[in-house]
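The values are calculated or read from the model by the stated rules, or taken from the named source; none is laboratory data. Since the model is a prediction, treat every value here as computed from it, not as a measurement. Note: ideal-geometry Cβ built from the backbone for every residue, glycine included; neighbour counts use all protein chains shown. Calculation scope for accessible area: heavy atoms of the full protein, side chains included, ligands and nucleic acids excluded. Shrake-Rupley method; radii C 1.70, N 1.55, O 1.52, S 1.80 Å.
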Amino acid sequence: MKADPEQRAVILGEYIIENKATVRSAAKKFGISKSTVHKDVSDRLKRQDPSLYAQVKEILEVNKQERHIRGGLATKRKYEKIAERKQKGGL
């Protein structure tokens, strides 16, 4: 996405709100780095559209509170797959 940084910040903010997206998923969707997304929605968006910034901040705060749970679930799935492969392989 090669847009004006302020315009990009608004687009990213709207995407995060509509999809309840994480910084990582927004970065992947738009093909930019996580640090760029974070900079856009935390600094540029705050100046460009304060009300949109407040909504995005709420969603990102929820994501931050839930990330340890998502990480734990991902680790659980990883070890379940390993155990499954061991059973199939007879190890």
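Values as computed for the structure displayed
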item: Positive dipole terminus of the stretch 17-82, leading residue within N19, Q48, I82 (C-beta point charges); result: I82
item: Among E66, E80, E18, residue whose mean-square fluctuation peaks in a GNM of the chain (springs only between Cα atoms under 10 Å); result: E80
item: Of K34/K78; K29/K64; K39/K78; K28/K78, pairs whose Cα-Cα distance is over 27 Å; result: K39/K78
item: Solvent exposure of the chain as accessible area per residue, Å², 1.4 Å probe; result: 74 Å²
item: Residue of V62, V37, V23 that the Gaussian network model of the chain assigns the largest fluctuation, springs spanning Cα pairs under 10 Å; result: V62
item: Counted charge near E58, where neighbours are those whose Cβ lies closer than 12 Å (Asp, Glu -1; Lys, Arg +1); result: +2
item: Within the stretch 19-43, backbone nitrogen closer than 18 Å to the virtual label 7 Å beyond the Cα of R70 toward Cβ; result: 19-42
item: In sequence order, calculated HN-Hα J values of the stretch 72-80 (Karplus, 6.51, -1.76, 1.60; Hz; x Gly/Pro); result: x, 5, 5, 5, 4, 4, 4, 6, 5
item: For the chain: relative contact order, % (alpha-carbon pairs under 8 angstrom, 6 or more apart); result: 28 percent
item: Computed Kirkwood radius, in angstrom, where 1/r is averaged over Cα pairs of the chain; result: 14.6 Å
item: Carbon/sulfur fraction of accessible area - the stretch 30-91, other protein chains in place, 1.4 Å, %; result: 53 percent
item: Distance between modelled label sites at E84 and K28, nm, 7 Å Cα→Cβ extension; result: 1.8 nm
item: Debye, to nearest 20: dipole size of the chain, +1 on Lys, Arg Cβ, -1 on Asp, Glu Cβ; result: 760 debye
